[in-house]
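*Asks:* The structure follows.
The values are calculated or read from the model by the stated rules, or taken from the named source; none is laboratory data. Since the model is a prediction, treat every value here as computed from it, not as a measurement. Glycine gets a Cβ as well: all are built from the backbone with ideal geometry, and neighbour counts include every protein chain shown.
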Amino acid sequence: MPELKQNLELLEELDAFLRCGYQPGEILELLASELGCRYRQRLQRGQAWSAVWELEPEMALILRTAELNGRLRDFIALALEYYKNKISFQKALRQKAAYPVLTLVFTLLLLLGFIFFLLPMFNGLTAELGGRQSPRFWQWLIIGLVVAPGCAVRPLSGLLLERTGLKRLQNTLQQLNLLLLTDRAGIPLANFLAEYLPANPQPELARIYFYLNKGLPVGEALARAEVFSRAELKLLTVGGGANYSRGLEYLQNACRQNYQRKIDGILFWLEPGLLLFAGGVIALISWSFFRPLFSLSGLEF
């Protein structure tokens, strides 16, 4: 996320200078952003932006193509929109996940505070009063409740992504972003994939490139590669066409909305589940805390 913000800051700075009429060679001394200052010396020595700027592989290829065609201004406008949308999307997801994460962190802190501070102190006080201390078993049980969920986070999250379809949606979003970026940049998809795939092998994109290499149009290659469903391909017009760009944009927005709806559905059940978990932890702590007191009055529980 910090790198995204730095790239966005540099893009906004470059966009402002270019809109004000400065030429690419004139703006080097004016750069004030962190990345701009970091790249300035190398750029002044004659290195190209594509050789200096640390971007994602797909954006780096688009930048190199834009430089070769003298379309740096177009790349900056395209990349600016791309990074703004990406940051906005990630911010929305983080806001949705903030409450469950805070609830879980609060519960874990409560458990750790009880185990390492309150329970030893209360056991000592109970021993001084002649009561029986809380068995070590309960302390280790509570520690297990803390450690077990932490160890199972990765497999559980992977299973959750698979069962809810979020993993497939993530892959579809990445593919749509790639198709949309190359289309807007005016780069033939076959040429782009020929350079992109050797360093970033992906089975779905490799199938698309296989059919494109046979001379099939983009839409038909997407249909043969079975990357999208039939309903989605109708929006892209099989065989290409005037609606291809607008169809990609519509599918991207629809996919993002579907992704957020699935996140909302998970959080709908996750939030009360975490509250029940926190309530159960508090009940266990209370029972462990007050159980030794009953031995002082002769009661057994």
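*Asks:* Please go through region 73-114 and pick out each residue that is surrounded by fewer than 14 Cβ atoms within 10 Å (Cβ to Cβ) and among the polar types (S, T, N, Q).
*Replies:* Ser88, Gln90, Gln95 - these are the residues of region 73-114 that are surrounded by fewer than 14 Cβ atoms within 10 Å (Cβ to Cβ) and among the polar types (S, T, N, Q).
*Asks:* Within region 191-204, can one find any residue that is among the hydrophobic types (A, V, I, L, M, F, W, C), more than 22 Å from Leu274 (Cβ to Cβ), modelled with pLDDT of 75 or more and touching a Lys or Arg at 6+ places or on another chain (Cβ under 8 Å)? Full working, then the answer.
*Replies:* From region 191-204, those among the hydrophobic types (A, V, I, L, M, F, W, C) are 192-194, 197, 199; that's our starting set.
Still in the list and also more than 22 Å from Leu274 (Cβ to Cβ): 192-194, 197, 199.
Now restrict to residues that are modelled with pLDDT of 75 or more: 192-194, 197, 199.
Subset that is touching a Lys or Arg at 6+ places or on another chain (Cβ under 8 Å): none.
For region 191-204, residues among the hydrophobic types (A, V, I, L, M, F, W, C), more than 22 Å from Leu274 (Cβ to Cβ), modelled with pLDDT of 75 or more and touching a Lys or Arg at 6+ places or on another chain (Cβ under 8 Å): absent.
*Asks:* Turning to a different aspect of this structure: Of all residues in region 229-254, count the ones that are among the hydrophobic types (A, V, I, L, M, F, W, C) and modelled with pLDDT of 75 or more.
*Replies:* Step one: of region 229-254, the residues among the hydrophobic types (A, V, I, L, M, F, W, C) are 231, 233, 235-236, 238, 242, 248, 251, 254.
So of that shortlist, the ones also modelled with pLDDT of 75 or more come out as 248, 251, 254.
So the answer is 3.
*Asks:* Then there is this: Give all pairs with beta carbons closer than 8 Å in which a residue from region 168-183 that is under 12 Å from Ser245 (Cβ atoms) meets a residue that is charged (D, E, K, R); count only pairs at least 6 apart in sequence or on separate chains.
*Replies:* Pairs that qualify, where the first residue is under 12 Å from Ser245 (Cβ atoms) and the partner is charged (D, E, K, R), are Leu180/Glu249; Leu181/Glu58; Thr182/Glu58.
*Asks:* So, one more: Name the single residue that is nearest to Leu55 (Cα to Cα) among those in region 175-225 being part of a helix (DSSP H, G or I) and β-branched (Val, Ile, Thr). Outline the logic, then answer.
*Replies:* Filtering region 175-225 for residues part of a helix (DSSP H, G or I) gives 175-185, 189-196, 203-213, 218-225.
Those left that are additionally β-branched (Val, Ile, Thr): 182, 208, 218.
Numbers: Thr182: 15, Ile208: 24, Val218: 26 Å.
Only one residue fits best here, namely Thr182.
*Asks:* Answer yes or no: is there a residue in region 196-208 that is more than 29 Å from Gln90 (Cα to Cα) and in contact with a Phe, Trp or Tyr (Cβ under 7 Å, 6 or more places away or on another chain).
*Replies:* no
*Asks:* May I ask you to say which residue of Phe294, Phe268, Phe290 is loosely packed, with under 12 Cβ neighbours inside 10 Å, assigned to a helix (DSSP H, G or I) and either at pLDDT 70 or above or in the same structural domain as Gly113 (by TED's automatic domain parsing) (or both)?
*Replies:* Values: Phe294 fails: loosely packed, with under 12 Cβ neighbours inside 10 Å; Phe290 fails: loosely packed, with under 12 Cβ neighbours inside 10 Å.
From the options Phe294, Phe268, Phe290, the qualifying one is Phe268.
*Asks:* Still on this model: So is Leu35 within 24 Å of the chain's Cα centre (by Cα) and in contact (Cβ under 8 Å) with a residue 40 or more places away in the chain or not?
*Replies:* Details: within 24 Å of the chain's Cα centre (by Cα): yes; in contact (Cβ under 8 Å) with a residue 40 or more places away in the chain: no.
No.
*Asks:* Could you grab the pairs with beta carbons closer than 8 Å, sequence gap of 6+ or different chains, first residue in region 196-221 and of a type in the set (Lys, Arg), second one in a helix (DSSP H, G or I) and surrounded by fewer than 19 Cβ atoms within 10 Å (Cβ to Cβ)?
*Replies:* So the pair list comes out as Arg207/Arg224.
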